[in-house]
1. Pairs, please: C-beta under 9 Å, at least 6 apart or cross-chain, first residue touching a residue at least 40 places away in the same chain (Cβ under 8 Å) and in the stretch 68-83, second acidic (Asp, Glu)?
2. Can you tell me which residues in the stretch 35-50 are of a type in the set (D, E, K, R), more than 8 Å from the ligand (Cβ to nearest atom) and either under 17 Å from ALA81 (Cβ atoms) or touching a Leu at 6+ places or on another chain (Cβ under 9 Å) (or both)?
3. Counting just the residues of the stretch 16-34 that are within 13 Å of the ligand (Cβ to nearest atom) and of a type in the set (Gly, Ala, Ser), which one comes out modelled with the lowest pLDDT?
4. Of all residues in the stretch 10-59, which are more than 12 Å from GLY70 (Cα to Cα), among the polar types (S, T, N, Q) and assigned to a helix (DSSP H, G or I)?
Amino acid sequence: MPDQFHRPLDRDWQHRALCRGTDTDLFFSPDGERGNVRARRERAAKQICQDCPVLDNCRAHALTATESYGIWGGMSETERARHARRTRRPARPRECVVSPDPLTWRIRTPKA
Ligand code: SF4
């Protein structure tokens, strides 16, 4: 079945996921979970991810789909958010195109 952009979905990797059939509570934090309890649960989930044959697929999916919650591809939501901030492209510099007529002044972004 295609996705909303009419691309075929590649979900085959999910069938090979090591976490398939395990308790999802290990990968998603319950409301209000904090501190050592949360750290312990996340470590246990990441331990499973370490040996997962589809870790790369899972991580790529989570980063592309900007999954907001849970452990995906061995990364927590905090780690994915940090990764996204670090790899975000800086805004391209803008240049001012000045013409003699102020009504046509405009700012444009140069082509890469
Ligand atoms: S990397 Fe982790 S969360 Fe992703 S499929 Fe494998 S075990 Fe599941």
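1. Filtered contacts from the stretch 68-83: TYR69/GLU77; GLY70/GLU77; ILE71/GLU42; ILE71/GLU77.
2. Step one: of the stretch 35-50, the residues of a type in the set (D, E, K, R) are 38, 40-43, 46.
Still in the list and also more than 8 Å from the ligand (Cβ to nearest atom): 38, 40-43.
Result: ARG38, ARG41, GLU42.
3. GLY21
4. The answer is GLN14, ASN36, GLN47, GLN50, ASN57.
The values are calculated or read from the model by the stated rules, or taken from the named source; none is laboratory data. Small disclaimer: the values here were computed from a predicted structure and weren't measured. Note that we place each Cβ from the backbone using ideal geometry, even for glycine, and neighbour counts take in every protein chain shown.
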